[in-house]
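Comments concern the structure below.
The values are calculated or read from the model by the stated rules, or taken from the named source; none is laboratory data. Worth saying up front: this structure is predicted, and the values here are computed from it rather than measured. Cβ coordinates were reconstructed from backbone atoms using ideal geometry, including for glycine residues, and neighbour counts include every protein chain displayed. All accessible areas refer to the heavy atoms of the entire protein, side chains included, with ligands and DNA or RNA removed. Shrake-Rupley method; radii C 1.70, N 1.55, O 1.52, S 1.80 Å.
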Amino acid sequence: MQAKKRYFILLSAGSCLALLFYFGGLQFRASRSRREEHSGRNGLHHPSPDHFWPRFPDALRPFVPWDQLENEDSIVHISPRQKRDANSSIYKGKKCRMESCFDFTLCKKNGFKVYVYPQQKGEKIAESYQNILAAIEGSRFYTSDPSQACLFVLSLDTLDRDQLSPQYVHNLRSKVQSLHLWNNGRNHLIFNLYSGTWPDYTEDVGFDIGQAMLAKASISTENFRPNFDVSIPLFSKDHPRTGGERGFLKFNTIPPLRKYMLVFKGKRYLTGIGSDTRNALYHVHNGEDVLLLTTCKHGKDWQKHKDSRCDRDNTEYEKYDYREMLHNATFCLVPRGRRLGSFRFLEALQAACVPVMLSNGWELPFSEVINWNQAAVIGDERLLLQIIQDRIFKHISRNSLIWNKHPGGLFVLPQYSSYLGDFPYYYANLGLKPPSKFTAVIHAVTPLVSQSQPVLKLLMAAAKSQYCAQIIVLWNCDKPLPAKHRWPATTVPVIVIEGESKVMSSRFLPYDNIVTDAVLSLDEDTVLSTTEVDFAFTVWQSFPERIVGYPARSHFWDNSKERWGYTSKWTNDYSMVLTGAAIYHKYYHYLYTHYLPASLKNMVDQLANCEDILMNFLVSAVTKLPPIKVTQKKQYKETMMGQTSRASRWADPDHFAQRQSCMNTFASWFGYMPLIHSQMRLDPVLFKDQVSILRKKYRDIERL
């Protein structure tokens, strides 16, 4: 096992060194290509042919297809079957890791040696790929003897797998399979810059890579295989094989203070993948310290598709020199184009301009060894639209503290309140104490037929809490509301609300009746004592931005099914606290209702399930923190499945399967798994300690 680790480390280091050889070490030179994405193959036209720094296209989200670069007659139409075959090819080895898809024994005898296949007669190789192969062959890792090799690199050009590109190599699938050393790709490294084509731009490379590793630009975190693939930056054909121009960082001023605060110059896609963010940049451009310039003038038919803003944008675009902007800016915007990667990334680094990334889901280059959080500003594409919204609706716009204080402007909706004290994130900044009272919201779904029902006992236990301000019963039962005298008399107000739609998501509506910031969310069959309620609330007062409560659950990655799993096993590890017995800030009701898409809430309502999971996803996505579990009696697990209407739901195998499905649907919408594992449980002081029970504040918990 130790030998395996040594060879793995040696292999990783060697791969990175070989790649860095090609990229010229750490001296990133500014790209000078006329091609960045396939829609930028012909580049932008410059006023002067000898202009040193071309105006490159760029990479962003969906919009402006190939039909703006080529005539519609030239579009390659792919049948559904071809598309299915293409989409499946890159994912067949998705489970690959070094331990499962790499043969370490090939490296034991001769160390880390790399073999490059001889070029086959008649095969064309683009200059960029020739440079890569030359860099490897000129390195100390190269061997011309395949029997000594630890790693194999194809001489077949795999860099450009866009079927509309003139550099595309046809029949690559059969050519690769015919290689006698291929061995289903084991111990092979495949380089790729461009994959997929208009309009989908999938990450498929057009042939089955088997167990080969990918050194790929524009690879998504979804398809990236950690510690197996290597994410590389997108570079132009003119990128130097060695050496290159020196970087422009001077005087160790980080970030450099320059003439412009933020700059960008590149294509604007009118429709399709990559258009969303770039179409909105003009809102932020101010012509002074923020220069965000785009042009529609690219492709053969651009005038046919131009919008009302194109002429004005093109005129403004021509006023500025890209090289001058780049080297006089503190921050350089790096939005995605048709694909996730962009030439702007290397250009910004070489110019000592801090990259501001707007490319959701991009696995950044060499992320295995480089912590980009220390070298770049990694933003969210959705933030741009929030900024524009604030400009339009100034009366409810976010102030500077919201934008620059966690959790940021994306999750703090000014429509909720103009007072920061109404949010759970700014108590310390404003010198405020956490709320001292809570509202208990009990979700009732079964008829009230007996005075001994758990819901009435639960109501009394909550009402006796010294911190309870009021109780709201959300009546989501199909039966009519019980008469007022059926509810027990309490020292706090009891408000019964009949749910209009009677769906699961209605329990998280931002009801005006909730007058406190703190909400104690309860299922009707929850069994809690007043002492347990009191203790949970005092814990929440120290963590008002999180969910604090009792029933904990966890998530895990199921390697066999390649999907997220949900478990209710009782362990020391958890990532969710179910809202059947939990305290949280009432702002999350507003965020659940107005931030989450209707598709997720409709799924919850149709299944009558998963609303608690979705709330945990939301809160963890906002806080970047796990929930907090507090002390609880062991019997809680069984009493939660007592003889009530919920008993059949918990026992139903479909219920559990639905929750598994929900996990993956939610993770897909968020774009990642926001849930965070924790092993922390908070108990009362002296809990279970061998001292007198009279010395303990929450002594009743000891007896439960």
Which condition number in (1) modelled with pLDDT under 90; (2) farther than 21 Å from LEU340 by Cβ; (3) assigned to a loop (DSSP other than H, G, I, E, B); (4) open to solvent by 20 Å² or more (accessible area, probe 1.4 Å) is the one that PRO118 fails? (1)
Given (1) within 22 Å of ILE547 (Cα to Cα); (2) under 22 Å from the mean Cα position of the chain (by Cα), number of the condition PRO434 does not satisfy: (2)
Here are some conditions: (1) at pLDDT below 90; (2) open to solvent by 40 Å² or more (accessible area, probe 1.4 Å). PRO482 meets all but one. Which one does it not meet? (2)
Of everything in the range 80-115, what is at pLDDT 80 or above, more than 21 Å from LEU214 (Cα to Cα) and outside any loop (DSSP other than H, G, I, E, B)? Give them in sequence order. LYS108
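So is GLY421 part of a helix (DSSP H, G or I), touching a helix residue (DSSP H, G or I) at 6+ places or on another chain (Cβ under 8 Å) and open to solvent by less than 20 Å² (accessible area, probe 1.4 Å) or not? Working first, answer last.
On the way: part of a helix (DSSP H, G or I): yes; touching a helix residue (DSSP H, G or I) at 6+ places or on another chain (Cβ under 8 Å): yes; open to solvent by less than 20 Å² (accessible area, probe 1.4 Å): yes.
So GLY421 passes the test.
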Taking the range 131-154 only, how many residues are among the polar types (S, T, N, Q) and either closer than 18 Å to SER195 by Cα or surrounded by fewer than 16 Cβ atoms within 10 Å (Cβ to Cβ) (or both)? 4
Report whether or not TYR584 is modelled with pLDDT of 95 or more, open to solvent by less than 10 Å² (accessible area, probe 1.4 Å) and not in a loop (DSSP other than H, G, I, E, B). yes
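Here's the yes/no breakdown for (1) among the polar types (S, T, N, Q); (2) open to solvent by less than 40 Å² (accessible area, probe 1.4 Å); (3) touching a Cys at 6+ places or on another chain (Cβ under 7 Å); (4) under 23 Å from TYR595 (Cα atoms):
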position	(1), (2), (3), (4)
PRO355	no, yes, yes, no
PRO365	no, yes, no, no
GLY379	no, yes, no, yes
ARG382	no, no, no, yes
ILE387	no, no, no, yes
HIS395	no, no, no, yes
LYS405	no, no, no, yes
PRO414	no, yes, no, yes
What is the one condition in (1) surrounded by 15 or more Cβ atoms within 10 Å (Cβ to Cβ); (2) in a helix (DSSP H, G or I); (3) at pLDDT 85 or above; (4) out of contact with any Leu (no Cβ under 7 Å at 6 or more places or on another chain) that LEU614 does not satisfy? (4)
By residue number, the members of the range 156-166 that are crowded, with 20+ Cβ neighbours inside 10 Å and either small (Gly, Ala, Ser) or at pLDDT below 85 (or both) are ASP162
Kindly evaluate LYS250 against the criterion of being out of contact with any Phe, Trp or Tyr (no Cβ under 9 Å at 6 or more places or on another chain), in a loop (DSSP other than H, G, I, E, B), at pLDDT below 85 and under 29 Å from ALA126 (Cβ atoms). no
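Taking the range 436-472 as the search range and keeping residues that are aliphatic (A, V, I, L, M) and open to solvent by 40 Å² or more (accessible area, probe 1.4 Å), which one is farthest from LYS586 (Cα to Cα)?
The initial filter retains those residues of the range 436-472 that are aliphatic (A, V, I, L, M), namely 440-442, 444-445, 448-449, 455-456, 458-463, 469, 471-472.
Narrowing the set further to residues that are open to solvent by 40 Å² or more (accessible area, probe 1.4 Å) leaves 445, 449, 460.
Values: VAL445: 22, VAL449: 31, MET460: 22 Å.
If we take residues in the range 436-472 being aliphatic (A, V, I, L, M) and open to solvent by 40 Å² or more (accessible area, probe 1.4 Å), then VAL449 is farthest from LYS586 (Cα to Cα).
Take the range 288-305 and flag every residue that is part of a loop (DSSP other than H, G, I, E, B), under 20 Å from PRO335 (Cβ atoms) and of a type outside the set (Gly, Ala, Ser). Write out each step before concluding.
Restricting attention to the range 288-305, the residues satisfying the condition of being part of a loop (DSSP other than H, G, I, E, B) are 288-289, 296-301.
This time we only want the ones that are under 20 Å from PRO335 (Cβ atoms), so: 289, 296-299.
Correct list: ASP289, CYS296, LYS297, HIS298.
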If I ask for residues that are at pLDDT 80 or above, part of a loop (DSSP other than H, G, I, E, B) and surrounded by fewer than 16 Cβ atoms within 10 Å (Cβ to Cβ), which ones from the range 253-283 would you list? LYS259
Would you check which residues across the range 663-678 are in contact (Cβ under 8 Å) with a residue 60 or more places away in the chain and of a type in the set (A, V, I, L, M, F, W, C) and list them? MET663, PHE666, ALA667, TRP669, MET673, LEU675, ILE676
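Among the residues of the range 570-579, are any out of contact with any Lys or Arg (no Cβ under 7 Å at 6 or more places or on another chain), outside any loop (DSSP other than H, G, I, E, B) and buried (at least 23 other Cβ atoms within 10 Å of the Cβ)?
We begin by selecting, within the range 570-579, every residue out of contact with any Lys or Arg (no Cβ under 7 Å at 6 or more places or on another chain); these are 571-573, 575, 579.
From what is left, the residues that are outside any loop (DSSP other than H, G, I, E, B) are none.
No, that holds for no residue.
Only one residue in TYR595, TYR590 is open to solvent by 10 Å² or more (accessible area, probe 1.4 Å), farther than 27 Å from PRO454 by Cα and at pLDDT 95 or above, so which one is that?
Details: TYR595 fails: at pLDDT 95 or above.
Result of the check over TYR595, TYR590: TYR590.
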So, in the range 657-683, of the ones that are open to solvent by 80 Å² or more (accessible area, probe 1.4 Å) and of a type in the set (Phe, Trp, Tyr), which residue ends up modelled with the lowest pLDDT? TYR672
Considering every residue within the range 603-615, establish whether at least one is touching a Pro at 6+ places or on another chain (Cβ under 6 Å), closer than 21 Å to MET680 by Cβ and not polar (S, T, N, Q). no
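To keep it simple, each residue is scored yes or no on (1) under 19 Å from THR491 (Cα atoms); (2) charged (D, E, K, R); (3) in contact with a helix residue (DSSP H, G or I) (Cβ under 6 Å, 6 or more places away or on another chain); (4) part of a strand (DSSP E or B).
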| site | (1), (2), (3), (4) |
| --- | --- |
| SER521 | no, no, no, yes |
| VAL527 | no, no, yes, no |
| THR531 | yes, no, yes, no |
| ALA536 | no, no, no, no |
| VAL539 | no, no, no, no |
| PRO544 | no, no, no, no |
| SER554 | no, no, no, yes |
Look at the range 297-310 and say how many of its residues are open to solvent by 80 Å² or more (accessible area, probe 1.4 Å) and not basic (Lys, Arg). 2
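Residues TYR419, TYR467, TYR426: which one is within 30 Å of LEU333 (Cβ to Cβ) and hydroxyl-bearing (Ser, Thr, Tyr)?
Exactly one residue qualifies, and that residue is TYR426.
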